[in-house]
Amino acid sequence: MILVMKFGGSSVANKERILNVANIIKGKIIEGYKPVVVVSAMGKTTDNLLNLAYEISKNPPKRELDMLISVGERISMALLSIALNDIGIPSRSFTGSQVGIITENRFNNARIMEVKLNRVIDCLNNNEVPIVAGFQGVSIEKEITTLGRGGSDLTAIAIAIELNKRFGNVKCEIWTDVDGVYATDPRIKKSYKFDKINFDMLIEMASFGAKVMHSRAVSLSAKFNFPFHIYSSFEKGGGTMVGDFLESPKIKSITQMDVVLIKMKHNDEILKKLTSNNIQIVLFQKLSNSIILVIKQSDFNQFRNLFESFESYHDKKFISVIGYGLINSPEIHSKIIKYPIEFLTISDLRISFLIDNSFFENILDELTSN
């Protein structure tokens, strides 16, 4: 059985962790699987490369950014292949373009158009383990492109779905630094883990701050009804199964994003600039002569390189409570409105609002209490 395994940046962050991943892969081979491995860049490599680019230029060409940041995954793939060969497991590493991840003609956040995989299949036929650089592909105009933040998840899911179309009975596992999907980020607050979760809830969680999975990757899985499993590279456990499951209305998750509130004069070019530079708009409000924007804190340096005149308000979080039947949940509503929140939105699947960081721990405790 073919098993697609994706290992995130924390899983391959240093020599010891790469050797650990090699042993995990070896264990799967002993169990009878034929692994196809997708890797992210080591640790903070991508962030460091981006920071270096913006130190050199306030507005680096998007093509050159993709050439630069695609290097991180190439380092990981080669080192992991070296590690596997060293323990007697034949392996070859490939870039996204070499395995045929064909994308649209767009830099920094390209969408996958086609997945060919001839070289991956050749490896499997030769009893070799293919190691694929995630997060990247090649456009139909033969330019190196990247798939956006968390794009290695998307690479793995796309490869797994294509292999499943051709051979059937393909499994996919996402290996990260947490043992599955938790109701809240376990690095912030201890909470319960979902043994299984459906596509819709995980898409909402990933779209509004949960870092365990790329939202586009979950959406692609949902489109093809292709289930996958999330495990930890660092501890044994059952992980979380993601699929087309029914959920109890009582189940809820809480996600959070560090954000910046921005006020500026309105002009028609603002949204075009944000979209073309892949800056996610968390919230948007148009007033008579001005606009209010909320963007991720991580996008702020890029934002201020694009615009000169604006007011910014930091130390804020965008919180989302995710579940079912939330529009008719007065017990949750009453907990939220005790606090000085802004931009409250309520739907059946999600309640979202903006709040100052100083209130975050208190409201998180309130929302997670029985």
Set I174, I161: member being touching a His at 6+ places or on another chain (Cβ under 9 Å), at pLDDT 95 or above, outside any loop (DSSP other than H, G, I, E, B) and not acidic (D, E)
I174
Within region 347-368, can one find any residue that is in contact with a helix residue (DSSP H, G or I) (Cβ under 6 Å, 6 or more places away or on another chain), in a helix (DSSP H, G or I) and surrounded by fewer than 17 Cβ atoms within 10 Å (Cβ to Cβ)?
yes
If you take just the strands (runs of 3 or more DSSP E) that sit entirely in region 8-125, which of them hold at least 3 residues that are under 18 Å from the mean Cα position of the chain (by Cα)?
34-39
Among the residues that make up region 239-248, is at least one of them at pLDDT 95 or above, touching a Lys or Arg at 6+ places or on another chain (Cβ under 6 Å) and not small (G, A, S)?
yes
Kindly indicate whether S91 is over 18 Å from A217 (Cβ atoms), surrounded by 22 or more Cβ atoms within 10 Å (Cβ to Cβ), touching a strand residue (DSSP E or B) at 6+ places or on another chain (Cβ under 7 Å) and touching a residue at least 40 places away in the same chain (Cβ under 8 Å).
yes
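Just to verify a result, which residue in region 214-250, among those that are in contact with a Gly (Cβ under 6 Å, 6 or more places away or on another chain) and either assigned by TED's automatic domain parsing to the domain that holds F284 or assigned to a loop (DSSP other than H, G, I, E, B) (or both), is surrounded by the most Cβ atoms within 10 Å (Cβ to Cβ)?
Start the filter on region 214-250 by keeping residues that are in contact with a Gly (Cβ under 6 Å, 6 or more places away or on another chain), which leaves 214, 227, 229-231, 239-240, 249.
Narrowing further to those that are either assigned by TED's automatic domain parsing to the domain that holds F284 or assigned to a loop (DSSP other than H, G, I, E, B) (or both): 214, 227, 239, 249.
Values: H214: 25, P227: 17, G239: 22, P249: 12.
Filtering region 214-250 for residues that are in contact with a Gly (Cβ under 6 Å, 6 or more places away or on another chain) and either assigned by TED's automatic domain parsing to the domain that holds F284 or assigned to a loop (DSSP other than H, G, I, E, B) (or both), the one surrounded by the most Cβ atoms within 10 Å (Cβ to Cβ) comes out as H214.
Go over the candidates D200, D185 one by one and state the one that is under 24 Å from M5 (Cβ atoms) and not assigned by TED's automatic domain parsing to the domain that holds I332. Walk me through it before giving the result.
Numbers: D200 fails: under 24 Å from M5 (Cβ atoms).
The match here is D185.
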Among (1) closer than 26 Å to N169 by Cα; (2) in contact with a Leu (Cβ under 8 Å, 6 or more places away or on another chain), L68 falls short only on (1)
Among the residues of region 251-268, is any of a type in the set (A, V, I, L, M), assigned by TED's automatic domain parsing to the domain that holds K316 and assigned to a helix (DSSP H, G or I)?
no
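The values are calculated or read from the model by the stated rules, or taken from the named source; none is laboratory data. This is a predicted model, so every value here is computed, not measured. Glycine gets a Cβ as well: all are built from the backbone with ideal geometry, and neighbour counts include every protein chain shown.
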